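Undergrad: Quick one: the structure is below, and I'll ask about it shortly.
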Amino acid sequence: MRVSRWRAARPGPAGWTLLGILAAGLLAAAALGLGPRDLLPREGGGATALRFFRAALEPALDYEDPVLRERASQPYVLTLLLALWRTLAFACAAILASLWGGFGLGFLASSSWWEDEAGDPGTGRLFRGLRPAVQAGVRLLIGLLRSVHELLWAVLFSAAFGLQPITAVLALALPYTGNLAKIWSEMLDEAPAGPARALRQLGARPLQVFLFGRLPRALPDMAAYGFYQLECAIRSSMVLGFFGVGTLGLLLRQSFLEVHFREVWTVLYLVFALVLLMETWSGRLRRRWRLA
Amino acid sequence: MTRLPADLRLDRIRCLRRERPRLRGAGWTAAGVVLLALSGFASGELRFGDLLSERRGALLRDFLRNEALPPELRGEAFHVLAWLRWLAGVWTGPEAGGAIASLAIGVLAVVLAGAAAVLLMPAATRTLMTRDPFLEPPESAGRGAWRAVPRVARLFCVLLRAIPEYIWAFLLLGIFPHGAWPAVLALALHNGGILARLGADTLENADPRPPRSLRMLGAGRGSIALAALGPQCFGRLLLYFFYRFETCLREATVIGMLGILSLGHLVVEARARDRQDLMIAWILLGSLLVLAADLVSHLVRRAVRRQGLS
């Protein structure tokens, strides 16, 4: 049988997907009016870049501003450490706050809270009639919390009543509550149902089945995701400094705008170290997590 | 069913308890998190009082009653249709190009990130970067100079993704003061690092038989990656790609706050003009865009799973 040359060369489903992605990219570039030629730095951009990267070799260990070096109320290292501590403290407070909402909303949004794997009524059986309304409402709330970025929450709060550390923490906590609730509810539903079924057959009540059959199997996954969200929260807490909260982002922004590139690199190296530390730590946590 | 004696059963229970799935070291990490959060409150940096003060309440009331309402709607704040008409008017107005720009930035960024990741991925794959990939006896695997290649590649990935997109964009604006490249490049660099790491992990977990047989036929590393590992992992890589597409779009909307045209730019501009109503309208449009992207990504990923590509 003779196969036409076109048919032999015709892309399969994977090829079509790749072509589609490529076309979308080209379309987007056209819509933005971007070409590779715009990547050639102009108007001193190249010189700035050169100075910036040269500063990487000698990060600042003291203020670059000579006046500040003489008169600063605290040494540079202390300024750095304070910003680092604020970054971590704000992120931790935000994650702790979102744990509660994550648990509560996550339970209500999961199907295993409302019915067991056999379709019998679960813990929420007393309010069974309300299930469609409550579940849909909670899922909508989760979607709303998630779909507004933490920086937009921060802008919204700063417009409504000014941005202070505690409001920054709240801005961080809201989207992370949504993330935790969504992923946790999925994890609860996907946890192996064997233990729950066994408990049910032993005559346990639905709440017991949920708490002792369902939850423990999902808990390691949930904890791992929680730590991942903590990493993300620390990164976001850095960025919130751009809005005037005293985290690492504020230092970075000030130094860059004052053209103190060596200070910028000090902050960047600190960020690298922090992220590397978090990655190895969470990697170790996950590797030591043994599944029976 | 045979019944075990009571103490044997207890032993069995203890054994099961020891083997239960758990995250070791999680307790210490959690304690650290609590301590850090408490230190924020103890030092007076974080104050609950700030949230509930009288002045703050007055500001919030004023915001909700006056500033957040569009001037055109001050009289009919509870008229849903009027609200919808107003929102539609804003969203289709002349500034709505910002929404399209956000979408384009997100799409272009994730495509570039994917391309960068495809180039970087094989170098970060530990099973591929050995003296004789897939044919080495297990005892000598991962030795020699080749071992440095995936290490360096993975460190590079960490460096790329360590810097948040927003900070990348801020730094790149110093080099490219005009146009959308800083936003696109920032997103592409950060997400390229993430995709390359995830992709390399996927390639490492692939079935070793196809690459091994290719290797026995004398194929090089590039051919193995393209012909044996790539097709096998395609579905999974696609899942990661669309998962990052969601985040790219989320970040593309906010990155405009640095002054690059996208929804974020419209948000801060409305705020600067003291038009909090417009600001809320743009934030809402952004969240609709993100929800739509989530839906698209969800549908595509479900289709990929159904097709059995992964």
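Undergrad: Could you rank A:Ile21, A:Ile166 by how accessible they are, 1.4 Å probe, largest area first?
TA: My answer, sorted largest first, is A:Ile21, A:Ile166.
Undergrad: May I pose another question? Rounded to the nearest 500, what is chain A's calculated 222 nm mean residue ellipticity when only DSSP H runs of at least 4 contribute -39500 (n - 2.57) each, over all residues?
TA: Computed ellipticity for chain A at 222 nm equals -23000 deg cm²/dmol.
Undergrad: Size of the protein assembly as shown along its principal axes in angstrom, Cα-based, largest extent first?
TA: On the principal axes, the protein assembly as shown reaches 76, 65, 63 Å in Cα extent.
Undergrad: Within 10 Å of each candidate Cβ there may be at most 15 other Cβ atoms; applying that plus a DSSP loop requirement, which trypsin sites (Lys or Arg not before Pro) in the stretch B:62-168 survive?
TA: B:Arg74, B:Arg131, B:Arg143
Undergrad: Keeping all protein chains in place and using 1.4 angstrom, which order do A:His260, B:His178, B:His79 fall into by accessible surface area, from largest down?
TA: From most accessible down to least: B:His178, B:His79, A:His260.
Undergrad: Name the residue, out of A:Leu80, A:Leu108, A:Leu61, whose mean-square fluctuation peaks in a Gaussian network model built on chain A with Cα pairs under 10 Å.
TA: Highest fluctuation of the listed residues: A:Leu61.
Undergrad: Is there a simple number for the mean count of other chain Cβ atoms within 10 Å of the Cβ of residues in B:164-173, and what is it?
TA: Mean shielding by partner chains, rounded to a whole number: 5.
Undergrad: Roughly to the nearest percent, how much of the accessible area of the stretch A:73-287 is carbon and sulfur, given a 1.4 Å probe?
TA: The value for the stretch A:73-287 is 66 percent carbon and sulfur by accessible area.
Undergrad: Run the accessible area of chain B with a 1.4 Å probe and give the carbon-and-sulfur part as a rounded percent.
TA: 64 percent
Undergrad: Also, I was wondering about something else. Is any helix in chain B, taking whole DSSP H runs, at least 30 angstrom long along its axis by alpha carbon and on average at least -0.5 on the Kyte-Doolittle scale, and which ones?
TA: B:97-124, B:181-204, B:230-255, B:276-307
Undergrad: Let me ask something else about it. Using only the Cα atoms of chain A, build the gyration tensor, take square roots of its eigenvalues as a ≥ b ≥ c, and label the shape rounded, prolate or oblate: rounded if a/c is under 1.5, else prolate if a/b is larger than b/c, else oblate.
TA: Oblate shape, in that a/c is at least 1.5 and b/c is the bigger or equal ratio.
Undergrad: Further, regarding this structure: Given a 1.4 Å probe and heavy atoms of the protein chains only, how would you sort A:Trp113, A:Trp265, largest accessible area at the top?
TA: Largest accessible area first, the list is A:Trp113, A:Trp265.
Undergrad: Averaged over B:28-34, how many beta carbons belonging to a partner chain fall within 10 Å of each residue's beta carbon?
TA: Shielding by partners across B:28-34 averages 5.
Undergrad: While we're looking at this one, here's another question. Within chain B, what is the longest stretch that has no chymotrypsin sites (Phe, Trp or Tyr not before Pro) placed in a DSSP loop and near at most 11 other beta-carbon atoms within 10 Å?
TA: B:79-310
Undergrad: Compare B:Ala96, B:Ala293, B:Ala42 in a GNM of chain B, Cα atoms joined below 10 Å, and give the one with the largest fluctuation.
TA: Highest fluctuation of the listed residues: B:Ala42.
Undergrad: What does the average come to when, for each residue of peptide B:253-259, you count the partner chain Cβ atoms lying within 10 Å of its Cβ?
TA: Neighbouring Cβ atoms belonging to other protein chains average 3 per residue here.
Undergrad: I would also like to ask the following. Using modelled amide H (1.01 Å from N, peptide plane; none on Pro or chain starts), what sits under 5 Å from the amide H of A:Glu115, excluding residues fewer than 5 places away?
TA: Result for A:Glu115 returns A:Gly122.
The values are calculated or read from the model by the stated rules, or taken from the named source; none is laboratory data. Please read all numbers here as calculations on a predicted model, not as lab measurements. Please note: Cβ atoms are built from the backbone with ideal geometry, for glycine as well, and neighbour counts cover all protein chains shown. Note: accessible area is taken over every heavy atom of the protein model, side chains too, but ligands, DNA and RNA are not part of it. Shrake-Rupley method; radii C 1.70, N 1.55, O 1.52, S 1.80 Å.
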